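Single-structure report; data block below.
The values are calculated or read from the model by the stated rules, or taken from the named source; none is laboratory data. What you see is a predicted model; the values in this text were computed from it and never measured. Ideal geometry is used to build each Cβ from the backbone, glycine not excepted, and the neighbour counts take in all protein chains shown. The area values use the complete protein model at the heavy-atom level, side chains included, leaving out ligands, DNA and RNA. Shrake-Rupley method; radii C 1.70, N 1.55, O 1.52, S 1.80 Å.
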Amino acid sequence: MLRAENDFVHWYVGGLLFGTPDLHLQAPNHAKQVQLLGATLDHSYFIRPTFYGFFLKPLTWLPYLTSYWLYQTYSLGALLFFLWTFSRQWPDIWVYAAMSVPILSHMVNGQDVTSLLLFCTVSLLLARRNYDFLGGIVFALCAIKFHLFILTPFAMIAHRRWRLFAGAVVGEVALFLIGWFAGGWPVFLSLVALLRRPENHPYPELMPNLRGMVYALSGNGQPAIYLVLCATLSAAALYLIWTAKHYEASLAYAIMAGLVINFHAYIQDPVLLLLCAALLFDGRESAALRTTIQLLLLPVVYILLLWRPPYSGIFGVLILIAFSVAVRDHIRFRAVGAT
């Protein structure tokens with residue numbers, strides 16, 4: 001961590017290579033890593049959307065280590081802004097953040113999930129002030145890890161937040177064009193080729209998602225079981241998204257589902273569960289749902305995740321329980337409302 005021999009090198013290299021056809025190619029990525037670190041990291045390439053390199057470019061205007069510590073300061077600031085914003089509606093967020101293994105892993109790995117927290121927080125604050133279109137544009141920046149947000153458009157549609165949705169669409173088009181002008185189809189195709197390589201999605205048994213749960217509990221991928229679980233949980237999430245009382249609760253369910261139905265996630269990504277908890281804990285949630293989500297925030301879950309199968313599958317099991325409880329609560333609530 002102190003020498004910046006972590007995922008930050010991806011962002012710095014991405015900034016260096018943005019605007020060239022080498023952005024997503026393995027050999028040029030490794031060559032830059034050797035220049036910066038004197039070695040290469042395993043499974044380490046710029047594997048994020050092309051446009052992201054544009055926003056990372058300013059990092060390269062400073063020496064590597066100087067840029068690294070500036071980035072870590074920004075990351076901590078983004079986290080504190082998120083915690084301060086939501087501590088007014090959920091004061092316990094400070095306690096869970098203080099003992100959060102995903103936050104610790106995020107900082108040690110030089111990751112960028114706190115940027116997602118920042119984008120979501122700013123988007124929600126703008127939406128609360130009826131600046132939906134601008135909030136949608138800010139939310140579009142979450143496309144830096146788009147695979148975690150694949151169900152979020154349904155939250156906007158379900159609650160008829162059309163201006164929010166339109167802003168997100170405009171933002172995504174703008175980001176696509178930034179990537180396009182940086183190299184066109186050849187660069188996009190090189191990213192697709194990189195994503196298709198199995199070695200760029202290593203250690204599936206340690207992933208905090210359904211793929212990791214299936215690997216941990218069965219000893220192998222079991223694609224059929226994995227796909228059935230993803231489809232089932234997606235259906236449950238869509239039901240919750242459509243029946244939630246307001247957009248923010250729908251967004252929380254969409255993000256929770258996106259965290260586990262994706263193909264590629266690691267221990268820092270459940271930082272987003274802090275946001276989901278803050279949006280769902282409004283005093284009207286059941287004790288069972290609150291308890292299950294709180295368990296997902298405790299260190300023991302991540303100690304088990306990093307241990308070995310089958311214990312690493314506990315995270316996925318708890319997510320399935322959380323969605324089962326939420327669906328039960330919504331059905332009961334709608335039944336009571338009907339009578």
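What the table shows:
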{"item": "Fully extended contour minus Cα-Cα distance, from Arg197 to Leu304, at 0.36 nm per residue", "result": "35.8 nm"}
{"item": "The range 51-75 residues near the modelled Arg3 label - backbone nitrogen below 15 Å, point 7 Å along Cα→Cβ", "result": "65"}
{"item": "Candidate residues Val169, Val260: accessible-area rank, largest first, probe 1.4 Å", "result": "Val169, Val260"}
{"item": "Residue-span extension gain [Thr73 to His246] - 0.36 nm each, minus C-alpha spacing", "result": "58.9 nm"}
{"item": "Solution diffusion estimate, µm²/s, Stokes-Einstein, the range 226-273, Kirkwood Rh from C-alpha pairs, 10 °C, viscosity 1.306 mPa s", "result": "141 µm²/s"}
{"item": "Square roots of five times the Cα gyration tensor eigenvalues for the range 251-332, Å", "result": "21, 13, 12"}
{"item": "Backbone N within the range 214-249 under 14 Å of label point (7 Å from Arg332 Cα along the Cβ vector)", "result": "none"}
{"item": "Distance between modelled label sites at Gln294 and Ala39, nm, 7 Å Cα→Cβ extension", "result": "4.3 nm"}
{"item": "Given (1) 26; (2) 47; (3) 51, the label whose value is percent of Cα pairs over 33 Å apart derived from this model", "result": "(1)"}
{"item": "Net charge of neighbours whose Cβ lies under 15 Å from the Cβ of Leu233, counting Lys and Arg as +1 and Asp and Glu as -1", "result": "+2"}
{"item": "Per residue accessible area of the chain, 1.4 Å probe, in Å²", "result": "44 Å²"}
{"item": "Share of carbon and sulfur in the accessible heavy-atom surface of the range 184-242 [1.4 Å probe, %]", "result": "71 percent"}
{"item": "Pairwise label distance in nanometres, Ala174 with Val95, each label 7 Å out on the Cα-Cβ vector", "result": "4.1 nm"}
{"item": "Equivalent ellipsoid semi-axes - Cα gyration tensor, the range 55-182, angstrom", "result": "26, 22, 12"}
{"item": "Share of carbon and sulfur in the accessible heavy-atom surface of the range 21-81 [1.4 Å probe, %]", "result": "71 percent"}
{"item": "Most mobile listed residue (Ala168, Ala31, Ala140) in the chain, GNM with C-alpha springs under 10 Å", "result": "Ala31"}
{"item": "Per-pair calculated FRET efficiency, R0 = 45 Å: Asn220 and Arg128 via Cβ, rounded to 0.05", "result": "0.50"}
{"item": "Under the Karplus curve 6.51 cos²θ - 1.76 cosθ + 1.60, θ = phi - 60°, whole-Hz ³J(HN,Hα) for the range 232-244, x wherever Gly or Pro sits", "result": "5, 5, 4, 5, 5, 5, 5, 4, 5, 4, 6, 9, 4"}
{"item": "With every protein chain in place, the range 94-174: carbon and sulfur % of accessible area (1.4 Å)", "result": "73 percent"}
{"item": "Segment Asp282-His30, length gained on full extension (0.36 nm per residue, minus Cα span)", "result": "86.0 nm"}
{"item": "Value of [θ]222 nm, deg cm²/dmol, for the chain, DSSP H segments ≥ 4, -39500 (n - 2.57) each, nearest 500", "result": "-21000 deg cm²/dmol"}
